[in-house]
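Take a look at the structure below.
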Amino acid sequence: MRGGVQRFALVPILKVISPFTVVGKRNLAQLKGPAVFVANHQSHFDAPVCLAALGGRVRRRLVIAAAADYFYSTKLKGAAALTGNTCQGCRVALAGVELANLRKLPADEVKRCENCRRILVIE
Ligand SMILES: [Zn+2]
């Protein structure tokens, strides 16, 4: 259902509303395993444009994570980047001890923001 809506409604509508050009899409053919795609936040269309631009193979497995702003201010939690000492999900700066404890965790350990409980993607 989700794939059909994206393929037959989202992608064609976006190509009319906001035409875009994809550069380097052939590099995705070699992609194996998990990956993080980060939009540059030009507009609220970032997520739909990424879905449309990445193509079916990647789009089917893509999960959108976004800051709690205009569209994403629900109780549902996802992931957020940790930029410096600030969780980009709740925009709260982590305390020094909390930040140090996160950085001590093994690389494969899931790290969460103590304030909003989102999974933190540490840059
Ligand atoms: Zn947070």
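Cβ-Cβ contacts under 7 Å between residues 6 or more apart (or on different chains), taken from a first residue in segment 83-94 that is closer than 13 Å to Lys111 by Cβ to a second residue that is part of a strand (DSSP E or B) and within 8 Å of the ligand (Cβ to nearest atom), are listed as Cys87/Ala80; Cys87/Leu120; Gly89/Ala80; Leu94/Cys87.
Could you tell me whether any residue of segment 46-53 is of a type outside the set (Ser, Thr, Tyr), modelled with pLDDT under 85 and surrounded by fewer than 11 Cβ atoms within 10 Å (Cβ to Cβ)? No; the residues of segment 46-53 include none that is of a type outside the set (Ser, Thr, Tyr), modelled with pLDDT under 85 and surrounded by fewer than 11 Cβ atoms within 10 Å (Cβ to Cβ).
For segment 93-113, the candidate set comprises residues that are assigned to a loop (DSSP other than H, G, I, E, B) and surrounded by 14 or more Cβ atoms within 10 Å (Cβ to Cβ); within that set, the residue that is nearest to the ligand (Cβ to nearest atom) is Cys113. Across segment 63-84, a minimum of one residue is classified as modelled with pLDDT under 80, away from the ligand (no atom under 15 Å from the Cβ) and touching a Phe, Trp or Tyr at 6+ places or on another chain (Cβ under 9 Å). Screening Asn27 against (1) in contact with a helix residue (DSSP H, G or I) (Cβ under 9 Å, 6 or more places away or on another chain); (2) at pLDDT 80 or above; (3) of a type in the set (S, T, N, Q) leaves a single unmet condition, (1).
The values are calculated or read from the model by the stated rules, or taken from the named source; none is laboratory data. Please read all numbers here as calculations on a predicted model, not as lab measurements. Note: ideal-geometry Cβ built from the backbone for every residue, glycine included; neighbour counts use all protein chains shown.
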